[in-house]
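Student: I am attaching a structure below and will ask some questions about it afterwards.
No lab work stands behind these numbers, since they all come straight from the coordinates. Values in this document were obtained by computation on a predicted structure and should not be read as measured data. Here the Cβ positions follow ideal geometry from the backbone for every residue, glycine too, while neighbour counts run over all protein chains shown.
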Amino acid sequence: MVFCISFYNSFCNSFCKGGAAALYCDRMVLKVPYRREGRAQLGEITINSDLVILDGGMGAELQRRAQVRSELWSAQALLDAPDTVAAVHQDYVAAGAQIIITNNYSTIPSYLAKAGLAERYLELTRLAGEIARRAVQAPVQVAGSLPPLDESYRWDLVPSDEDARPIYLQLAQALNPYVDLFVCETMSCSREAYNALSAAREVAGFDKPAWVAWTLDERPGHGLRSGETIAEAMAVLADLRPDAYLFNCTTPEAISAGLAELATLTDKPTGAYPNRFFIPEGWTLDNEVATQYRDMEVGEYVEFCRQWRSLGARYIGGCCGIGPEFIAALAAEAL
C-alpha cells in the first residue's frame, strides 16, 4: 500500500484506526477472551486459538477511496463518506480481523475546534459507533476507541485531569451502546491512560473489557514516550485492572522490546498493532517536524507478528500504514 509521508504528516494522528475482521477457519470461533490461557470462554462463544486478529489503519484507505483531505481528518469521512468508512471496516473483516476499532480517533473537541465544530464531538462519536456496529455481524466485535485528547505521542501536551476526565466520560457514554469493549489507544503516559481507562470503567464497569494500548519511545527498551517504564505505568493503572496491555502506533522493534518486558510483568493478555512510520520527538500535526517512513512490507510484518506471538501476544493488528493486505497475510498464517 502506498502511504506517502506528506499525507501521514497531515492525517495519521486521526486516521490511525478503524477497520475490523473475522477469521473464517474451523479452528476459531470468535469472541474476545479475557485470559491468557489457550482456551478462554466469554458468554456462549469460545475461542479455540490464542490469536485474536485486530483490524488495521483507517486513514490511508479513506484517502485512497474517498479522497478525504480536511482539517477534520477522519471525522470528515463520517460526515461526507460514511459508506466508505463502513466499507473499510468490512474489508478488514473480509481480510480476517476479528475485532474492529471505531473510527472516532479524531472526533475530539481539540481537532474539531479547528473547523469550528467542537460542539459536535459527541454526535460524531456516536456516528462512528453506529457505523462500526452496522458494518459487522457477530461474532466480529467492535472496540470503542478512547484516543488522546490533544496531540498523539505528546505526553507533555496531555490535558489536565480536570479537563480530560469529563470528555473521556462523555466519549465512553457515546460509544457504549455500540461497542463490545473499549481500547484506550496511543496512550503516551500513565496519566493519560488512567483518565481514559477510568472513564471506561465508570461507564461499563467490568462488564465490558477495557484495554490499554501504549505508544512507546521509538528506541527499543526505553519505555513509554513519557520516559516512564512499562512497570511504572502499569502500577499507576493497577486499581483499574486493565483486561489487556497492548502497544500501538509505534515501530515494530520498539514493540518487540516492550512485549518481551511485558511477559515478565503480567499474565494478562498482551498485544500489538504497529506503525509503518518513525515518529520523532516533538512531532505534531501542525509543525514542521518530519516523520520517517519505514518500508515494512507484508512479509516483514508477518515475521514481526511471529516474534510477537513467541513473546505471548494474543491481540495483533495494525495501525498507521497497515492495510487490509497485511491483515489478510496475518490471518492466512494462522499463527
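Student: Take region 97-246, drop everything but the C-alpha atoms, weight them equally and run the Debye formula without solvent; then report log10 I(q)/I(0) at 0.09, 0.18 Å⁻¹ to two decimals.
Tutor: -0.26, -1.03
Student: Amide H to amide H under 5 Å from Leu246: which residues, 5+ apart in sequence or cross-chain, H placed 1.01 Å off N in plane?
Tutor: Excluding prolines and chain starts, which carry no amide H, the hits are Val212, Ala213, Trp214, Gly271.
Student: Once the Cβ-Cβ distance between Ala113 and Ala263 is put in as r, and R0 is 51 Å, what FRET efficiency do you end up with, to the nearest 0.05?
Tutor: 0.80
Student: Right, another one. Starting at the first residue of region 297-309, write each ³J(HN,Hα) from the Karplus equation 6.51 cos²θ - 1.76 cosθ + 1.60 with θ = phi - 60°, in whole Hz, x for Gly and Pro.
Tutor: After applying 6.51 cos²θ - 1.76 cosθ + 1.60, I find 8, 4, x, 5, 4, 4, 5, 4, 4, 4, 4, 5, 4 Hz.
Student: Using the Karplus curve 6.51 cos²θ - 1.76 cosθ + 1.60 with θ = phi - 60°, work out ³J(HN,Hα) for each residue of region 136-148 in order, rounded to whole Hz, and write x for Gly and Pro.
Tutor: These are the phi-based 3J(HN,Hα) values: 10, 10, 4, x, 5, 10, 10, 9, x, 7, 10, x, x Hz.
Student: List the residues, sorted by chain then number, that are 5 or more residues from Leu181 or on another chain and whose placed amide H is less than 5 Å from its amide H.
Tutor: Val142, Gly144
Student: If I stretch the segment between Val236 and Phe206 completely, what's the gain in nm (0.36 nm per residue apart, minus their alpha carbon distance), one decimal?
Tutor: 9.0 nm
Student: Taking all pairs of different Cα atoms in region 101-164, averaging 1/r and flipping that mean, what Kirkwood radius in angstroms comes out?
Tutor: Kirkwood radius, region 101-164: 12.9 Å.
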